[in-house]
Amino acid sequence: GIFFAMPELFLKLTAQAGTCVAGIPSAIPLQEGVNIIGRGDEGAACLNTGAASYVQLNLATASGRRHEHYGWVSRQHAQISVVGSAVTLTDLSSNGIMVDGVAVSKGAEAALRAGSVVVFGTRSLAADDESTTVRQRKQFLIDTLRYTLCAAPAS
């Protein structure tokens with residue numbers, strides 16, 4: 001039989017130009033199996049399985065210091081499971097995730113497809129709360145921690 005290689009899946013940073021913060025990868029490759037996304041070495045250290053791949057999302061300033069919003073990404077923020085062509089995101093965080101503009105509840109799953117937009121750190125941003133701080137936080141996150149799921153054809 002003919003084998004078709006699976007496309008390589010990755011989350012591509014689709015942040016606003018000029019908002020890029022050091023420590024944020026421009027692309028997050030997604031391996032078949034379990035992928036954990038979070039901040040800091042301690043997030044990887046507390047993985048109880050060696051089978052998962054761990055990607056750091058560390059908000060840092062240009063000089064490499066911790067960004068004031070560093071804590072908006074949890075140590076283990078999201079689990080993205082890839083099984084064949086099915087991609088599922090689970091929110092592991094206290095800080096929240098939006099997929100395609102919809103908040104994912106902690107512990108809940110959301111199916112991702114090519115073109116899905118994932119924004120990290122959006123918990124406690126009530127849609128009807130239009131206070132300046134909430135609006136600014138939401139805008140910062142949408143501008144800075146916005147990724148889009150892409151599939152590159154297998155080479």
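The values are calculated or read from the model by the stated rules, or taken from the named source; none is laboratory data. All figures in this text were calculated on a predicted structure; none of them were measured in a lab. Cβ coordinates were reconstructed from backbone atoms using ideal geometry, including for glycine residues, and neighbour counts include every protein chain displayed.
Tabulated data
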read-out: Residue in the range 53-63 that is at pLDDT below 85, part of a strand (DSSP E or B) and among the polar types (S, T, N, Q) present; value: yes
read-out: Strands (runs of 3 or more DSSP E) completely within the range 77-139 that count 3 or more residues being modelled with pLDDT of 95 or more and over 25 Å from Asp41 (Cα atoms); value: 109-112
read-out: Condition broken by Gly96, with the remaining ones in (1) on the phi < 0 side of the Ramachandran plot; (2) surrounded by 11 or more Cβ atoms within 10 Å (Cβ to Cβ); (3) in contact (Cβ under 8 Å) with a residue 24 or more places away in the chain satisfied; value: (1)
